[in-house]
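Below is one structure, written out as structure tokens; comments come after it.
Rule-based calculations on the coordinates, nothing more; no lab input. Just so you know, these numbers come straight off a predicted model, no measurement behind them. Cβ placement follows ideal geometry from the backbone for every residue including glycine, while neighbour counts extend to all protein chains displayed.
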Amino acid sequence: MPELMNGRPLDCMGRLEKEIRTYDFLDRLGIAYKRIDHEAATTMEVCAEIDKVLQAVI
């Protein structure tokens, strides 16, 4: 099961540029955020598992 992490990853090597820009933007605004690193979510079942970890309200 994926793990909920606070803020940007320590190492951004191999991350998409738009992901890094998003971290930069949130950090610049002083907005705290959580993230989950996971493989591509190719089914709704996988998305539901990620939502559970994020405690996302559906």
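The residues of region 14-28 that are aliphatic (A, V, I, L, M) and in a loop (DSSP other than H, G, I, E, B) amount to a single one, Leu16. Between Ile50, Ile31, the distinction of being among the β-branched types (Val, Ile, Thr) and not in a helix (DSSP H, G or I) belongs to Ile31 only. Any residue that is under 11 Å from the mean Cα position of the chain (by Cα), loosely packed, with under 10 Cβ neighbours inside 10 Å and without any contact (Cβ under 8 Å) to a residue 60 or more places away in the chain - is there at least one of those in region 13-29? Looking for residues that are under 11 Å from the mean Cα position of the chain (by Cα), loosely packed, with under 10 Cβ neighbours inside 10 Å and without any contact (Cβ under 8 Å) to a residue 60 or more places away in the chain, one finds none in region 13-29, hence no. Here Arg8 fulfils each of the conditions (1) under 21 Å from Lys52 (Cβ atoms); (2) part of a loop (DSSP other than H, G, I, E, B); (3) free of Cβ contacts under 8 Å to residues at least 40 places away in the same chain apart from (1).
When you look at Glu3, is it in contact (Cβ under 8 Å) with a residue 40 or more places away in the chain and loosely packed, with under 10 Cβ neighbours inside 10 Å, yes or no? Yes, satisfied.
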